[in-house]
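Quick notes on the structure that follows.
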Amino acid sequence: MSYVYDMTWAEFCIRLNAYQRLEKKEWYKTRLLAYQVYVSNWGNPKKKPLNIEQYLPLDDEKPKPKLNQAQQNAIKKAQEQYSKIKNGTT
């Protein structure tokens, strides 16, 4: 344990980053294995199984928010207004 106390802060951060990366890699492997078991035992022909991100989301994977039609129209309208202003046609 003394080697940890002898490290500089930069060395510690590098080792911590490496450890976290390896742990995340192990979680990806675990998720893949669990998902394969989930899909192989899927017995409902009328519904699709969840995709792997929905089945077991990991920390950095956040589900994309789905926009309803009103929100999509508002974004499209704002983009059109911006392009008119940018092009100089008011």
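Values as computed for the structure displayed
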{"read-out": "The chain: translational diffusion in µm²/s, Stokes-Einstein, Kirkwood Rh over Cα pairs, 25 °C, 0.890 mPa s", "value": "133 µm²/s"}
{"read-out": "Neighbour-count order for TYR35, TYR5, fewest beta carbons within 10 angstrom listed first", "value": "TYR5, TYR35"}
{"read-out": "Förster radius 41 Å - calculated FRET efficiency between SER83 and GLU26, Cβ distance, rounded to 0.05", "value": "0.30"}
{"read-out": "In order through the range 31-48: 3J(HN,Hα) via Karplus (6.51 cos²θ - 1.76 cosθ + 1.60), integer Hz, x for Gly, Pro", "value": "5, 4, 4, 5, 5, 4, 5, 4, 6, 5, 9, 6, x, 9, x, 8, 10, 7"}
{"read-out": "Cα-based helix-to-principal-axis angle, 69-87 vs the chain, degrees rounded to 10", "value": "70 degrees"}
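Readers should treat all values here as calculations from the given coordinates under stated rules, not as data from a laboratory. Everything numeric in this text was worked out from a predicted model, so none of it was measured. As a convention, Cβ positions derive from the backbone with ideal geometry for all residues, glycine included, and neighbour counts pool all protein chains shown.
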